[in-house]
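Working notes for the structure below.
The values are calculated or read from the model by the stated rules, or taken from the named source; none is laboratory data. This structure is a prediction, so every number in the text was calculated from the model and none was measured. Virtual Cβ from ideal backbone geometry, glycine too; neighbours counted across all protein chains shown. To get the accessible areas, we keep the full protein, side chains included, count just its heavy atoms, and leave off ligands, DNA and RNA. Shrake-Rupley method; radii C 1.70, N 1.55, O 1.52, S 1.80 Å.
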Amino acid sequence: MTNIFYTITIPGEPKGKGRPRFARRGKFVATYTDSQTLSKENEIKWYAIQAKIPKIETGEIVFTVRVYK
């Protein structure tokens, strides 16, 4: 099995994912992601697209995260 490595550099301060939010919609409860988390997720997605990382649908995926301040 061949290992393929991809590198993404995301500038900025590291931030943990926000907790899910809940809102009542009549008799139901809707779950949503707060705007800051959604914005950061979209930023990371943009960097992944720029790095030309393909969508991986099957198989094993291993992540190594290095955080620098």
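Would you point out the residue of region 34-55, among those that are without any contact (Cβ under 8 Å) to a residue 12 or more places away in the chain and among the small types (Gly, Ala, Ser), that is least open to solvent (accessible area, probe 1.4 Å)?
Among those that are without any contact (Cβ under 8 Å) to a residue 12 or more places away in the chain and among the small types (Gly, Ala, Ser), it is SER39.
Specify which of the listed residues (GLY12, GLY18) is of a type in the set (Gly, Ala, Ser), loosely packed, with under 11 Cβ neighbours inside 10 Å and in a loop (DSSP other than H, G, I, E, B).
Matching residue, one of GLY12, GLY18: GLY12.
Go through region 21-69 and give me each residue that's in a strand (DSSP E or B) and β-branched (Val, Ile, Thr).
VAL29, THR31
Looking for whichever is in contact with a Phe, Trp or Tyr (Cβ under 8 Å, 6 or more places away or on another chain), open to solvent by 70 Å² or more (accessible area, probe 1.4 Å) and free of Cβ contacts under 8 Å to residues at least 40 places away in the same chain here; the options are THR58, THR64, THR31. Which one fits?
THR31
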